[in-house]
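Take a look at the structure set out below.
Here, each number is a calculation from the coordinates, and none is a lab measurement. Small disclaimer: the values here were computed from a predicted structure and weren't measured. Methodologically, a virtual Cβ is constructed for each residue, glycine included, from the backbone with ideal geometry; neighbour enumeration extends over all protein chains shown.
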Amino acid sequence: MRLRYNYRVYPDADQRAALARAFGCARVVFNDGLRARADAHAAGLPYLCDGDLSKRVVTEAKKTPERSWLSEVSAVVLQQALADLNTAYRNFFASLSSKRKGPKVAPPRFRSKRDNRQAIRFTKNARFALTPGGRLRLPKIGDVAVRWSRDLPAEPSSVTVVKDAAGRYFASFVVEVAEHPLPPVESETGIDLGLGHFAVLSNGRKIDSPRFLRRAEKKLKRLQRALARKAKGSNNRVKARAAVARQHAKVADARREFHHRESTKIIRDNQTVVVEDLAVNGLARTRLAKSVHDAGWSSFVGMLEYKAALYGRAFHRIDRWFPSSRLCSACGALAGSMPLNVRSWECSCGAVHDRDVNAAINILAAGRAERLNASGGQVRPPRAVARPGERGSPRGAA
């Protein structure tokens, strides 16, 4: 399977200038290609194929005085910008024809030089390399210092250089990684994600919600008020904006590290992991939006999924409409409506349930049932021979 390995890089002043040129050239090629296709569509002309578009906005454009500076950067960077545009168009057309699953995809939009995130990609054709001294050699940029937090498991097939809103630079390598199955264990777990507790496991373990954004709100408010006071276009406003971006980056880094730590522990300790498919987009439009985004459920579940595939564990999602909270895990009875403020309840069978633990147990049971069904196991009760005196449905009854 393919994974990304991200590392912090520290370009010097000349390399930062070269990267800025590369970011700008890639953005211009992307926008020129988008404008050429939009003009052709408006004029009723056929759709420009990838080869003709590349010839027009890259090869021929370099020969013109207006775009001669495109030759100052690697040609692979420009071709990868067009590849991103072509991918965006393919996703848009597949979404229109309902061939693409998920929400509808909008048509490509023009890129702005004021975007908080800038990125360029180098493939093997660009002949990027790792020097014996541990630097990243990029064509027409130079040898960039890299902070190697861990070793690359294999030779990378491509590298993406990213500049984030906080002004930090990263190198993201795409590496083909073989699976490393962990020794089998007998334990399985269901996970109920929430806001009071970040996650509750079916064995009763509760993971507290760190609320990284909530804890940083006081400082963020102070920085954002200072940003609002700065005059537009001034250097002080640029500095204030960078300070806000750095604080947001700290929150995101802390949340990501928390997700990695907890997801690794869950995958290591359990052979099967079952989660509920939450409607995050819907919850993010409610009054709980800030808390939902602060929790980062989608990122956490994504880590569980790829780590399960990497380490030979089973991962399952159950339907979001499954009534995990209202279903008694002891007798299977379904309770009535249950508001969020009800944290424990008693079933008619006499069982007293913690709402979240009961939901996690039911999620695990539903995942087991789906797994048995997928592998051909018996899910419904077996058919029994009718006893003498029992009457079935009359012949011809609907």
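Farthest toward the positive end of the dipole of the chain, out of Tyr10, Gly282, Trp148, is the Cα of Tyr10, where the dipole comes from beta carbon charges about the Cα centre.
Simple rule: put +1 on each Lys or Arg Cβ and -1 on each Asp or Glu Cβ in the chain, find the dipole, and look at Ala231, Leu85, Met338; the Cα lying farthest toward the positive end is Ala231.
Report, in debye and to the nearest 20, how large the dipole of the range 2-176 comes out about its Cα centre when Lys and Arg carry +1 and Asp and Glu carry -1 on their Cβ.
Numbers: 33 positive and 16 negative charges, 96 e Å.
The dipole magnitude comes to about 460 debye.
For a 4.7 Å threshold on C-beta separation, the list of partnerless cysteines in the chain reads Cys25, Cys49.
For the chain, give the share of DSSP beta bridges that are antiparallel, in percent and rounded to the nearest 5; count only bridges with both residues there.
Rounded to the nearest five, the antiparallel share is 80 percent.
In the P(r) worked out for the range 2-176, what percent of Cα pairs fall beyond 19 Å? Above the 19 Å cut-off, the range 2-176 has 61 percent of its Cα pairs.
Across Asn203, Asn236, Asn341, mean-square fluctuation computed from a Gaussian network of the chain (C-alpha pairs under 10 Å connected) peaks at Asn341. Annotation for Ala333 and Glu257: the two label points, set 7 Å from Cα along the Cα-Cβ direction, are 4.9 nm apart.
In the chain, helices alone account for a calculated mean residue ellipticity at 222 nm of -13000 deg cm²/dmol, with every DSSP H run of four or more residues adding -39,500 (n - 2.57). Which is the longest part of the chain that has none of the GluC sites (Glu not before Pro) sitting in a DSSP loop with at most 11 other Cβ atoms within 10 Å? After excluding every exposed loop site, the longest remaining stretch is 187-389. Counting Cα-Cα pairs of the chain in 20 Å increments starting at 0 gives whole-percent bin shares of 19, 46, 28, 6, 1.
Working note: Cα gyration tensor of the range 255-329, eigenvalues times five, square-rooted, sorted largest first, giving semi-axes of 23, 18, 10 Å.
Quick one: dipole size for the chain, taken about the Cα centre, charges +1 on Lys/Arg Cβ and -1 on Asp/Glu Cβ, in debye to the nearest 20. Show your work: numbers first, answer last.
On the way: 73 positive and 36 negative charges, 372 e Å.
Here the size comes out at about 1780 debye.
Length gained on full extension, Ala165 to Cys49, computed as 0.36 nm times the residue gap minus the Cα-Cα distance: 38.4 nm.
List the DSSP H helices in the chain whose Cα atoms stretch 30 Å or more along the helix axis and whose mean Kyte-Doolittle hydropathy is at least -0.5.
Values: long enough: 13-42 (43 Å, -0.06); 75-96 (32 Å, 0.61); 235-269 (51 Å, -1.19).
The answer, listed by residue number, is 13-42, 75-96.
Checked against a 31 Å cut-off, the cross-linked pairs Lys104/Lys221; Lys99/Lys290; Lys101/Lys219; Lys140/Lys290; Lys104/Lys163 give Cα-Cα distances beyond that limit for Lys104/Lys221; Lys99/Lys290; Lys101/Lys219; Lys140/Lys290.
Each of Pro103, Asn125, Gly33 was placed along the dipole of the range 2-176 (beta-carbon charges, centred on the mean Cα), and the one lying farthest toward the positive end is Pro103. Estimated from the Cβ-Cβ distance and a Förster radius of 35 angstrom, the FRET efficiency linking Trp345 and Ser299 is about 0.65.
Apply the Debye scattering formula to the range 86-189, with a single equal point scatterer on each alpha-carbon and no solvent, then give log10 I(q)/I(0) at q = 0.11, 0.15, 0.23, 0.24 Å⁻¹. These q points yield log10 I(q)/I(0) values of -0.60, -0.91, -1.20, -1.25.
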